[in-house]
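Inspection log for the structure reproduced underneath, given as structure tokens.
The values are calculated or read from the model by the stated rules, or taken from the named source; none is laboratory data. This is a predicted model, so every value here is computed, not measured. In this analysis, Cβ positions are derived from the backbone assuming ideal geometry, glycine residues included, and neighbour counts consider all displayed protein chains. What goes into the accessible areas is simple: the full protein's heavy atoms, side chains included, and nothing from ligands, DNA or RNA. Shrake-Rupley method; radii C 1.70, N 1.55, O 1.52, S 1.80 Å.
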Amino acid sequence: MSITLFANAPSPSVLEPLYDAPVFPDKTYSQTYGDFLRKIEEVVLNTLIRQKPLHAREAPFESLYTLSEMLVNGLPRSPELLVEAMRPDYLDRFFPCHLLNVAILSCKLGLDLKIEKPELVNLVVAALLHDIGMMLIDPAAFFHDRFLTQKEKRILESHPLVASCFLENIKDEFPWLGKVVLEEHKRENDSGYPRGSSGELHRYSRIIGMCDTYEALTHTRHFRKAFHPADSIKIILGEHGKSFQNGLVKTLIDSFSLYPVGSLVMLNNKKIVKVVSTVFGNPLKPNVREFDKESGAEDVIELSKNHTIYIQGIVMDEKY
């Protein structure tokens, strides 16, 4: 897909610094994640939210599509970005981190679902904007360390409608986008919100909705610590089991494994190692990195190819 969507669209020059970074040789994945984060703050928070577009040509869609294409092209070459997306904290930048994390997770799931690139780019654009309604309601309703009152819950659950109204002026060019931001909190069993909306969920809504749930569970919130990724999978299989399509849940497990990237696990030889990549279709046997303190050497073990070493359990720390 070309990123030149409109003849009179603004130049995507704000994103130029990213072209020699992240995914590209001379930057670490932490620096890459930081680059993407700054661009989300600039494009979504500082441009789109503060300058409500009266028409699609006034919205920063070239920049959004550039950012999305970079994630789609870069994630297969730099899967370590998942390590940053799975950090249990938000680096004190809740909204941009949340949007980026859900975009990365949705991109990974979309890749494993074999979604064609043009559609995958659209999916990631929707993921980058899925919660913009949260930035348009009173933060006092949800930024605190206690459970929500009924009034606060109503305010919070209004954010999909607020986002849909915000994007009303661009619905002719991007009809799917307003639908996704409106319904990504709706579920297959008709739970979720906004209540009263009906009809079949958009494919993007299903994917983003599940990744949003998984991301929320695996990250610290003001009122609780993060759930360990393995426990988050169990929660989705349990209380959320009927909320998502079975095939999509299976792909989630195959994609992120029961021991997702960034997890610390103990092997049956009592060594503690870090999960560095997952093996699609083999959720119990990811690739792990062992670090030798004496020599400083690092060794990646492909558990799917090793029949004598296996994961005995997860390693918890104070973040979970």
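Within segment 48-85, restricting attention to residues that are farther than 19 Å from LEU123 by Cβ, of a type in the set (D, E, K, R) and in a helix (DSSP H, G or I), which residue is modelled with the highest pLDDT?
The extreme case among them is GLU84.
Got at least one residue in segment 103-111 being within 17 Å of the chain's Cα centre (by Cα), of a type outside the set (Ser, Thr, Tyr), surrounded by fewer than 21 Cβ atoms within 10 Å (Cβ to Cβ) and assigned to a helix (DSSP H, G or I)?
yes
Looking at segment 266-320, which of its residues are touching a residue at least 12 places away in the same chain (Cβ under 8 Å) and hydroxyl-bearing (Ser, Thr, Tyr)?
Across segment 266-320, the qualifying residues are SER277, THR278, SER304, TYR310, TYR320.
Being at pLDDT below 90 and at positive phi narrows it down to one of GLY262, GLY247, so name that one.
None of the other options fit; the residue is GLY262.
Which residue out of LEU120, LEU128, LEU100 is at pLDDT 95 or above and within 17 Å of SER255 (Cα to Cα)?
LEU120
Taking the criterion of being assigned to a helix (DSSP H, G or I), modelled with pLDDT under 90 and crowded, with 18+ Cβ neighbours inside 10 Å, would at least one residue in segment 268-291 satisfy it?
The answer is no; no qualifying residue exists.
Kindly establish whether ASP89 is within 22 Å of PRO194 (Cα to Cα) and either open to solvent by 10 Å² or more (accessible area, probe 1.4 Å) or modelled with pLDDT of 85 or more (or both).
no
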